[in-house]
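The values are calculated or read from the model by the stated rules, or taken from the named source; none is laboratory data. Fair warning: this is a prediction, and the values are worked out from it, not measured in the lab. Note: ideal-geometry Cβ built from the backbone for every residue, glycine included; neighbour counts use all protein chains shown.
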Amino acid sequence: MKIKKFAAGLAIAGLALGVGVSVPATATAATPVTITIWTFGDVIEPNLIKQYKLIHPEVTLSIKKSDLDPLNGTNMITACTSKQGPDIAAVEVSYAGYWRSYPKCFTDLRTMKTSDANVNADKGTDKNGNPVDVTYIDSTGKKLTVGTVAANLSATSIKPNYLPWRWEQGVGYDDSVIGIPTDVGGLEVAFRTDLMVKAGLVTAAQVKNGTARDVLSKKWPTWSKFIEVGKQYMAKLSAADKKAGKGFIDNVGTIYAAVLNQGTEKYYRNNGTDQGQLIYKTNKNIKTAWDTTLNAHKAAIGTRIGQFSSDWNIGMNKGTFATMLAPAWMMDYIKQQAPDTKGKWDIASLPGGGGNQGGTQLTIPSYAKNKQAAWDFIAWYLAPEQQLQVFRTYGLFPSTKSIYGDSSVKDFKDPFFNNAPVGKIYSTGITKLKPIFEGKLQRGIDQAFGAGLGRVVSGKKNEKTKKPWTSAESWAQSIADIDKLTR
Amino acid sequence: MSSTAVNDSPLIDKKGGRPKTSPSPWKPKKNKKEREDFPGLRSLNGKWGYLFVAPFIVMFIIFGMFPVLYSTVIAFYEFDPLAGAGGLSLEGQTFVGFENFIYLLQDDRLYTAIGNTFDIWFWSTFPQMVISIGLAAVLRNRFLKAKTFWRTILLVPNITSVLAVAIVFGQLFGREFGIINWVLGLFGVDNIDFVEDPLASHIAIATMITWRWAGYNALIFLASMLAIPDELYESASLDGASAWQQFRYVTLPGLRNTITFTLIVGTIGGLQVFAEPLTLAGTTDGGSTHQLLTLTMFLYDSAFGASSKWGYGAAVGIIITIIVLIVSLVNFLVTRKLASGEAK
């Protein structure tokens, strides 16, 4: 209902503008413009690009994809220092803390206003008044219409559509808005129903009638309970399975970030200064996340497979692990990597309530040449209707909370995941999260604690003591490494 | 080409004579008479020479010398590329004197990186040398069919993208489902973690390097072997030398200079190992105990990793330069000793 009202509102606004401003289509027609976009992975979906070209024949989108690290690291640094580069750059949230420290590299999106270039789409015509097909077919085969965006929208006017904590990730230290959120990587637990039945944690009947996920969610309201369930699972594994390296969860290291993100502070405290105050030595939440991870390691519930390794992709197919912490975008990854496991997966809720991993902002660098065209594109591409389309076709979860109540999100069931109502599950978790102040060296500190956990979990020998790393030794080493990083 | 253009050519006698055959401008001193016949050659040695080397020199100054000088300067700054006025300006950057270097010498990552680099170098150089000479000895066989085919195929690994190699080998070395651990498992060996275990990870990297370069070096050895006169082998076999003795006492001494050459080139390459460990470790810091951190990765991680401390990265670069100088000196001494050994 909400979405319909919203769309109707837009349509009225669009019509009103169309009449009020009454710019003749031919008069504004065709100053060709090329928007260059630097992006990675699947941030920019090709189908939506096609749609945008239909309603904007004058726009050419030149998309350059690279790997995330060079893109958000060296490429963007070089671009900002040399003051030339793309019109739009995608910034991943692990880099958000870094780039928020340099608002001068970005256009303050509060100062931008959408032009009336988008208003004709809802009439089914392009800018020149020619009829175009602005419909698309979603993953369930339903035919839907591409959304439109009203004129005169600034970042301030579209802000209420988005999750507040997610919006903050695109706000610079000087309160300028440097990026608009794309999808949100809400974190839940993906589990293999067949393996859970085998371990006796749920029954086949519960899997069939769709209550298995609730049964499991109730079994692990907290992380310590989650580890308990893991132990029960491991107890049911045969000796051969254990020798083959099978486990309850793919990698216990992933628990760390999940626990940490459930708090309100990570490594920085907002003390009103640009840089924030470093609290990695004192924030008890970090130690809690660390200890929880190592408790899971001690309980031996994890495999030794690293995420995104070739082993991991194979393990996903072979049922080497029964659970994994899955951000919403991971659903699409599982579908691609393990298509034969269709129907065997399901989604339960994350212990401790809600989590996030990943997500991206679209930014307009301060040196962009076509800022107006770039803003028109971003405002359209990240509008609730387009995010809904991306969710319905690719499973990426919208960061626009205004559409969570919409039936196409709320009632969306995914057959790959045993018909789990993924829309409802994911939207419940992410609305519980609070904004976290991200600092410049967030990523490096994350890496150092991750390496610290890796030292203990891999059972490596400490060269100084000639014995495996203990938790305390490794913690001290991580703190020392971070001291180096932040000096 | 028009006739005027031909006449403008410095290689042509301006008096209208046709050019002498084989003017040999590269060795003008060889034949004094010939040089006098070519008045244009004098200028060829002068300003024309500069023109010919200009493309390289200009490129070198822009992409070689200038970055070296500039990074030497910023090694004395706490250089944040985005903090200052931007571009090449030093405005807004903090001058810290030798602080980066003092800190660097106390940074245990530096010593880890040096150790790793030389360990990987050791494991990639010596087995590779044996394999290359062995391959060359096989190709030297005059009864071998389809010689060109085999020689060509040896170069295929070398022209394969480093990244592709690293990704494929990363799969072969997988801890749980990698084919190498599977084969080892058949012999009752427990799964080896080729990423986390320091020695195993170095050997994994060395394998990638060996795979890429063994064929290339084999061709160099082959060329050198073909230069050894057949008479030596004939007289050796007349003296009753076995195939192994021929290899040991005829082929190997003849390869001495080539071995030195491949060692030097291998050392230079060994100090630059980057893409393979980066891909295998998956992070720029070289893994949880920096077991895969090489010197160049350390430089990259300092400058372009999570912290973006360009000044510190530049200081690492200068330390690498010093290490390269030391290694070159050792190389030079060893080479000289080998050369004098040959003279005896």
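Here are a few things to note about the model shown:
- Within the stretch A:340-364, being modelled with pLDDT of 90 or more and in contact with a Gly (Cβ under 7 Å, 6 or more places away or on another chain) holds for A:SER349, A:LEU350, A:GLN361, A:LEU362, A:THR363.
- Filter result for B:ARG248 (closer than 30 Å to B:LEU325 by Cβ and away from chain A (no Cβ under 14 Å)): no
- Here A:TRP345 does not fit the description of being crowded, with 20+ Cβ neighbours inside 10 Å, within 14 Å of chain B (Cβ to nearest Cβ) and under 16 Å from A:ILE249 (Cα atoms).
- Considered as a group, the residues in the stretch A:72-87 that are touching a helix residue (DSSP H, G or I) at 6+ places or on another chain (Cβ under 9 Å), modelled with pLDDT of 90 or more and under 14 Å from A:PHE40 (Cα atoms) include one that is nearest to the other protein chains (Cβ to nearest Cβ), and that residue is A:MET76.
- The set of residues in the stretch B:292-329 that are more than 26 Å from A:SER94 (Cβ to Cβ) and within 14 Å of chain A (Cβ to nearest Cβ) contains only B:ALA315.
- Residue ID - nearest to A:LEU382 (Cα to Cα), chosen from residues in the stretch A:28-43 that are at pLDDT 85 or above and exposed (fewer than 14 other Cβ atoms within 10 Å of the Cβ): A:THR34
Every residue, every condition in (1) of a type in the set (A, V, I, L, M); (2) within 23 Å of the chain's Cα centre (by Cα), yes or no:
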| site | (1), (2) |
| --- | --- |
| A:VAL252 | yes, yes |
| A:ILE255 | yes, yes |
| A:GLN275 | no, no |
| A:ASN283 | no, no |
| A:ILE286 | yes, yes |
| A:ALA289 | yes, yes |
| A:THR293 | no, yes |
| A:GLY302 | no, no |
| A:GLN307 | no, yes |
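- The set of residues in the stretch A:61-71 being under 23 Å from the mean Cα position of the chain (by Cα) and more than 8 Å from every other protein chain (Cβ to nearest Cβ) consists of A:ILE63, A:LYS64, A:LYS65, A:SER66, A:ASP67, A:LEU68, A:PRO70, A:LEU71.
- Hits in the stretch A:266-320 (condition: under 23 Å from A:ASP194 (Cβ atoms), touching a residue at least 60 places away in the same chain (Cβ under 8 Å) and either surrounded by fewer than 20 Cβ atoms within 10 Å (Cβ to Cβ) or more than 13 Å from every other protein chain (Cβ to nearest Cβ) (or both)): A:ALA296, A:ALA299, A:ALA300, A:ILE301, A:ARG304, A:GLY319
- Failed item, numbered, when A:ILE227 is tested on (1) part of a helix (DSSP H, G or I); (2) more than 20 Å from A:GLY353 (Cα to Cα): (2)
- Only one of B:VAL324, B:VAL265, B:VAL334, B:VAL316 that is part of a helix (DSSP H, G or I), modelled with pLDDT under 90 and under 24 Å from B:ASN100 (Cβ atoms): B:VAL324
- When restricted to residues that are closer than 12 Å to B:THR279 by Cβ and among the β-branched types (Val, Ile, Thr), the stretch B:150-204 contains 5.
- Here the condition is being under 24 Å from B:LEU271 (Cβ atoms), assigned by TED's automatic domain parsing to the domain that holds B:GLN245 and of a type in the set (S, T, N, Q); of B:ASN191, B:ASN141, B:ASN158, B:ASN181, it holds for B:ASN158 alone.
- Scoring A:ALA472 on the criteria (1) more than 8 Å from chain B (Cβ to nearest Cβ); (2) within 30 Å of A:SER101 (Cα to Cα); (3) part of a helix (DSSP H, G or I) leaves a single failure, condition (2).
- Considering residues of the stretch A:445-462 that are at the interface with chain B (Cβ under 8 Å from one of its Cβ atoms) and free of Cβ contacts under 8 Å to residues at least 12 places away in the same chain only, the residue nearest to A:SER94 (Cα to Cα): A:GLN447
- Selection over the stretch A:430-444 of residues that are more than 8 Å from chain B (Cβ to nearest Cβ) and either crowded, with 19+ Cβ neighbours inside 10 Å or farther than 26 Å from A:LEU350 by Cβ (or both) gives a count of 8.
Matching residues to (1) under 30 Å from A:VAL390 (Cβ atoms); (2) touching a strand residue (DSSP E or B) at 6+ places or on another chain (Cβ under 8 Å); (3) among the acidic types (Asp, Glu):
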site	(1), (2), (3)
A:THR193	yes, yes, no
A:MET196	no, yes, no
A:ALA199	no, yes, no
A:GLY210	yes, yes, no
A:ILE227	no, no, no
A:ALA244	no, no, no
A:ILE255	yes, yes, no
A:GLY263	yes, no, no
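- In the stretch B:196-218, the residues that are within 12 Å of another protein chain (Cβ to nearest Cβ), assigned to a helix (DSSP H, G or I) and surrounded by fewer than 22 Cβ atoms within 10 Å (Cβ to Cβ): B:PRO198, B:LEU199, B:ALA200
- Conditions (1) over 30 Å from A:GLY147 (Cα atoms); (2) within 14 Å of chain B (Cβ to nearest Cβ); (3) assigned to a loop (DSSP other than H, G, I, E, B); (4) not β-branched (Val, Ile, Thr): number failed by A:GLY352: (2)
- Residues of the stretch A:430-479 that turn out to be among the aliphatic types (A, V, I, L, M) and closer than 24 Å to A:ASN271 by Cα, as a count: 6
- All of (1) buried (at least 20 other Cβ atoms within 10 Å of the Cβ); (2) hydrophobic (A, V, I, L, M, F, W, C); (3) within 26 Å of B:SER302 (Cα to Cα) hold for A:LEU68 with one exception: (1).
- Residues considered: A:ASP376, A:ASP340. Of these, the only one that is within 17 Å of A:ALA150 (Cβ to Cβ) and over 21 Å from the mean Cα position of the chain (by Cα) is A:ASP376.
- Residues being in a helix (DSSP H, G or I), surrounded by 13 or more Cβ atoms within 10 Å (Cβ to Cβ) and without any contact (Cβ under 8 Å) to a residue 24 or more places away in the chain - total across the stretch B:89-117: 3
- Evaluation of A:ASN370 against (1) over 30 Å from B:ILE179 (Cβ atoms); (2) within 14 Å of chain B (Cβ to nearest Cβ); (3) surrounded by fewer than 19 Cβ atoms within 10 Å (Cβ to Cβ) (one fails), failing number: (2)
- The single condition from (1) in contact with a Pro (Cβ under 7 Å, 6 or more places away or on another chain); (2) at pLDDT 90 or above; (3) surrounded by fewer than 23 Cβ atoms within 10 Å (Cβ to Cβ); (4) not aromatic (Phe, Trp, Tyr) that A:ASN418 fails is (1).
- The one condition from (1) out of contact with any Pro (no Cβ under 8 Å at 6 or more places or on another chain); (2) within 18 Å of A:TRP329 (Cβ to Cβ); (3) outside any helix (DSSP H, G or I) that A:THR428 does not meet is (3).
- Of the residues making up the stretch A:354-367, those that are surrounded by fewer than 23 Cβ atoms within 10 Å (Cβ to Cβ) and either touching a Pro at 6+ places or on another chain (Cβ under 7 Å) or closer than 21 Å to A:GLU438 by Cα (or both) number 3.
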